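Colleague: Below is the structure I would like to discuss, written out as structure tokens.
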Amino acid sequence: MRWTTSKIRQSFLDFFAARGHTIVPSASLIPKGDPTLLFVNAGMVPFKDYFLGIRTPPSPRVVNCQKVLRLSGKHNDLEAVGRDTYHHTFFEMLGNWSFGDYYKEEAIKWHWELITKVWEIDPKLLYATVHEKDKEAEDIWLKMGVLPRDRILPFGDKDNFWEMGPTGPCGPNSEISIDRGAAACSSEKNHPGQKCFVNVDGCERFIELGNLVFIQYNRDESGALTPLPKKHVDTGTGLERTAAALQSLETGKILGDYDIDLFQTIIKKIERVVKEVGNGHSYGENSDSDVSYRAIADHSRAISFLIAEGITPGNTDREYVLRRLIRRAARHGRYLGIHRPFLATAHAGVVEAMGDAYPELKGAARKTAEIITQEESRFGETLDRGLELIDTELARIKKSGGHTLSGEVAFRLYDTYGFPLDLTEDVLRNHAIEVDKAGFDRLMNEQKERGRAARKDDSAAPEISLGTGTASRFVGHRSYEGESEVLASGAGKPGAQVAIVVAETPFYPEGGGQVGDRGVIETASGAILEVSDTRKAEGSILHLGRILRGEPGDFAKGARVKLRVDRIRRDSTMLNHSATHILHYALREILGNSVHQAGSLVAPERLRFDFAHSGPVKDDALATIEEEINARIRENAEVTTEEMAYNDAIKAGALAFFGDKYGDRVRVVKMGDFSVELCGGTHISRTGDVGFFKLEAESGVAAGVRRIEAVTGQGALETIRRREKILQEIGAQLAARDGAAVERLEKLLAREKELEKKLRAMEQKLAGGAGESASEEQVREVAGVKIVTRKLDGVDPRTMREIADRLRQKHGSAVVALGSDLGEGKVALLVAVTPDLTAKIKAGDIIKNIAPIVGGTGGGRPDLAQAGGRDASKLDEALAKVATLIG
């Protein structure tokens, strides 16, 4: 194939590079310094600061291919993905940019040249649109003489005016569209009541090949447009739709986005799994299956890129979006007959199709596959049960003639089975069933309120007005005291916290994992505020605390104050913060460069560091990491800081810490020749100041995320002394010391193991007798099913399982129910069902019905379920209940 997706991508970059544009790599999917967006949802997002004049572009002319993700907020295509051939969550946006350099004429002429000369699309197939009031753009098209007047189409603001948001840079746009022929679209299906044409939503016949935005205005809060001093060009060309158009022309077939070479590489990987499980259709054979193929292929791209960016499945923000995608894709796998983890195979197709263009995919391939499989396996345990619940509810709704799934059931699917609401809605959409969203939202809000109530602080938060004139400057990198003027202050109810903002402060506000400083603020009149926390808010630094002496009015705006940081606490925090940088270095050095930070806590008494890594870190690796850190501490390397341009810092190899947001100028912390980080926190002068690093624990906090907890300096010394004391106490109990104590303990443990073995043998002997004593079994038959019940005395749950196994073997086909009086009123119940009966009789269903009789709860698999209870007097009643549940 001549025009593969890769060749189209490269031809676009090469075309504009030959015309003076600097090729820049795609920015991260995670917007830098923009808390309003979860993901980059348009090609212009990484360049927004250049349009606003906040940062300086690397060149006045730039060209790139930007990774884009649309599945949250205003731009959310998730529900449509798979149901048609052109919607995506993840896609690539080709773009060329002019920051105050060339303008409309060059942008229009160059795109026409690219489309008709390089890509060789027949001009007879093309249309151009302009804003109805943009006579300049219209005149350029007419002057070029490449299109007849009736194919240069004017449209209003809805279709041909672009804006960043309600306010900010904006301007008219001109688009180039291709007519793919009548066979490309069915107007009855995609846009009933409208003829196929340019700018008709849902029309697959006329598709956009280039959107040229001319940013020439700034819109203020009143809606008024003011001309910008510099005019810019922002263009966007969707790579996938362009590939579909070019490959359609090349093959003579009408292709959708999912028919292009890139997606077919991924889909063929999915087809291979479908064939392995022995059922299901290939892509193109069945319309319902095709929806699932497209959804999985799309979601696999988004999943692969998100994990390569360091995102792991979780329950908040970006992490939850990733979890939703994996779960939606896994559910579509069930529709293709796949009942095992398979998304790692689809991910391999993504790497094969896109790894050359995005090397980060190859670098993270193994880790990504592990994280996907872990999450998919975890959800697979509840997916089938959730789908069973939906099937049951669907049957009930249809029988009653209803059209709505209750909010209670939707919430149960979310809370118990891990079904995001949109996944439940997607499953129901094919059955024309809606979800009672109001009921779901009510239950969700009630749950959130319960959580908030549990966390609620009795003290009232201070009320403070922040805005123009309250910006603070941190001056405490090397100082602990200072004088300044109060810019704003506020207080809650009497006795509650007070908040103060000053012009300059040595107090470090919580950020980058480092906790906020504590200390005191004092006025000339002797009023004292004890600062318990320091935080950032709207460009200000808030000092939160309680007044020890004086009144809130003593700290009113304009008051001069002295500020003193708790030096001992700050110094301890600095040790841990610098140690965190050394730890980050050591992890990458020992475990590999795929390790990167995923969160941290830097407090005076300890440090916590979360990092992306698949699987537990082995003990020998942890020992090596600890040794490397302490070696760097003993090296006593100099710690230096320097301010420089963000781009220069990244080029110099600086690593950005998780969660930090960076401006055009950044602070770079360098330790010797081994660590360079972007960091605004406080640090020591030399690594030797840390003294000693002691690793306390390593654990998992989420799929693909590990956590290390450690102490340094005096804290490390106290930890070792505490452990020595514990060892001394153990030695005293064993009447031995050091090596002799270990030997003595090993003998005691061996003796305990031997006694447990003898006890176990006696229990098994008892189990054998109880299971084979027909005179003590209660056997009856109900509806052709043999029911065996047995009451035991003092038999533990493990032994009960062995008894149940013997009884199942003995009777061949039966439902076995056992109850054991464990003493002190405690009860154990067990239900076992032979394999031939589990299709119609579920052990878990029986146990859920009889456990409440003895005051307990339980559950389990269709063939085996267990429960506990607190009322042994009702044991006979519970066992008798079993027979009434059969039939």
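The values are calculated or read from the model by the stated rules, or taken from the named source; none is laboratory data. These numbers were taken from a predicted model, which means no experiment stands behind them. Here the Cβ positions follow ideal geometry from the backbone for every residue, glycine too, while neighbour counts run over all protein chains shown. Ligands, DNA and RNA are excluded from the accessible area calculation, which covers all protein heavy atoms including side chains. Shrake-Rupley method; radii C 1.70, N 1.55, O 1.52, S 1.80 Å.
Colleague: From the residues in the stretch 55-76 that are modelled with pLDDT of 75 or more and not in a strand (DSSP E or B), which one is most open to solvent (accessible area, probe 1.4 Å)?
Modeller: Going through the qualifying residues, I end up with T56.
Colleague: Determine which member of the set V561, V501, V531 is open to solvent by less than 10 Å² (accessible area, probe 1.4 Å), under 30 Å from E643 (Cβ atoms) and without any contact (Cβ under 8 Å) to a residue 40 or more places away in the chain.
Modeller: Answer to the check: V531.
Colleague: For residues in the stretch 1-46 being among the aromatic types (F, W, Y) and in a loop (DSSP other than H, G, I, E, B), which is most open to solvent (accessible area, probe 1.4 Å)?
Modeller: Once the filter is applied, the top-ranked residue is W3.
Colleague: Counting only residues that are without any contact (Cβ under 8 Å) to a residue 60 or more places away in the chain and hydrophobic (A, V, I, L, M, F, W, C), which one in the stretch 546-558 is most open to solvent (accessible area, probe 1.4 Å)?
Modeller: Top of the filtered list is L548.
Colleague: Here's a follow-up. Quick one: which residue in L542, L529, L583 is farther than 23 Å from A471 by Cα and outside any loop (DSSP other than H, G, I, E, B)?
Modeller: Testing whether each residue is farther than 23 Å from A471 by Cα and outside any loop (DSSP other than H, G, I, E, B) leaves just L583.
Colleague: Can you tell me which of D517, D571, D566 is surrounded by fewer than 22 Cβ atoms within 10 Å (Cβ to Cβ), of a type outside the set (A, V, I, L, M), over 27 Å from the mean Cα position of the chain (by Cα) and closer than 22 Å to V486 by Cβ?
Modeller: D566
Colleague: Now for a separate question. Would you mind telling me which numbered condition in (1) crowded, with 19+ Cβ neighbours inside 10 Å; (2) closer than 16 Å to L94 by Cα Y50 fails?
Modeller: Just one mismatch for Y50, condition (2).
Colleague: Then there is this: Could you go through the stretch 815-825 and let me know if any residue there is in contact (Cβ under 8 Å) with a residue 24 or more places away in the chain, of a type in the set (S, T, Y), assigned to a strand (DSSP E or B) and buried (at least 19 other Cβ atoms within 10 Å of the Cβ).
Modeller: Yes, that holds for at least one residue.
Colleague: Restricting attention to the stretch 168-178, does a residue exist that is over 30 Å from Y358 (Cβ atoms), out of contact with any Phe, Trp or Tyr (no Cβ under 6 Å at 6 or more places or on another chain), of a type in the set (V, I, T) and surrounded by 14 or more Cβ atoms within 10 Å (Cβ to Cβ)?
Modeller: Within the stretch 168-178 (the criterion being over 30 Å from Y358 (Cβ atoms), out of contact with any Phe, Trp or Tyr (no Cβ under 6 Å at 6 or more places or on another chain), of a type in the set (V, I, T) and surrounded by 14 or more Cβ atoms within 10 Å (Cβ to Cβ)), the answer is no, since none of the residues qualifies.
Colleague: I've got another one for you. Would it be correct to say that K694 is in contact with a Ser or Thr (Cβ under 7 Å, 6 or more places away or on another chain) and under 14 Å from S578 (Cβ atoms)?
Modeller: no
Colleague: Using the structure shown, decide if H584 is in contact with a Cys (Cβ under 9 Å, 6 or more places away or on another chain) and either in contact (Cβ under 8 Å) with a residue 60 or more places away in the chain or of a type outside the set (K, R) (or both).
Modeller: The answer is no for H584.
Listed here are the residues, each with its yes/no results for (1) in contact with a His (Cβ under 7 Å, 6 or more places away or on another chain); (2) at pLDDT below 95; (3) outside any helix (DSSP H, G or I).
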| position | (1), (2), (3) |
| --- | --- |
| K117 | no, no, no |
| E120 | no, no, yes |
| K124 | no, no, no |
| A128 | no, no, yes |
| D139 | no, no, no |
| V146 | no, no, yes |
| D159 | no, yes, no |
| A183 | no, yes, no |
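Colleague: Could you check the stretch 785-814 and list, in sequence order, the residues that are modelled with pLDDT of 90 or more and either among the small types (G, A, S) or part of a loop (DSSP other than H, G, I, E, B) (or both)?
Modeller: A804, G812, S813, A814
Colleague: Now, a different point. Can you tell me which residue among E208, E163, E221 is within 34 Å of the chain's Cα centre (by Cα), modelled with pLDDT of 90 or more and open to solvent by 40 Å² or more (accessible area, probe 1.4 Å)?
Modeller: Going through E208, E163, E221 in turn, just one is within 34 Å of the chain's Cα centre (by Cα), modelled with pLDDT of 90 or more and open to solvent by 40 Å² or more (accessible area, probe 1.4 Å): E208.
Colleague: Let me ask something additional. Give the stretch 161-181 a look and list any residue that's hydroxyl-bearing (S, T, Y) and not in a strand (DSSP E or B), or say none.
Modeller: T167
Colleague: Could you run through the stretch 235-263 and say how many residues are open to solvent by 40 Å² or more (accessible area, probe 1.4 Å) and either closer than 30 Å to R61 by Cβ or not in a loop (DSSP other than H, G, I, E, B) (or both)?
Modeller: Number satisfying all stated conditions: 6.
Colleague: Right, next: Being crowded, with 16+ Cβ neighbours inside 10 Å and on the phi > 0 side of the Ramachandran plot narrows it down to one of G592, G615, G599, so name that one.
Modeller: G599
Colleague: Does the stretch 790-801 contain any residue that is small (G, A, S) and either open to solvent by 60 Å² or more (accessible area, probe 1.4 Å) or within 29 Å of T382 (Cα to Cα) (or both)?
Modeller: no
Colleague: Could you run through the stretch 113-160 and say how many residues are open to solvent by 10 Å² or more (accessible area, probe 1.4 Å), touching a strand residue (DSSP E or B) at 6+ places or on another chain (Cβ under 9 Å), farther than 16 Å from D179 by Cβ and not charged (D, E, K, R)?
Modeller: The number of residues fulfilling the criteria is 6.
Colleague: Show the residue pairs that are 6+ apart or on different chains and have beta-carbon atoms under 9 Å apart, the first residue being within the stretch 269-294 and touching a residue at least 60 places away in the same chain (Cβ under 8 Å), the second being charged (D, E, K, R) and exposed (fewer than 14 other Cβ atoms within 10 Å of the Cβ).
Modeller: Here the result reads V273/R340; V277/R340, each pair linking the stretch 269-294 to a residue that is charged (D, E, K, R) and exposed (fewer than 14 other Cβ atoms within 10 Å of the Cβ).
Colleague: Among what's in the stretch 700-745 and is touching a residue at least 40 places away in the same chain (Cβ under 8 Å) and open to solvent by 40 Å² or more (accessible area, probe 1.4 Å), pick the residue that is farthest from I311 (Cα to Cα).
Modeller: Taking the candidates together, the pick is Q714.
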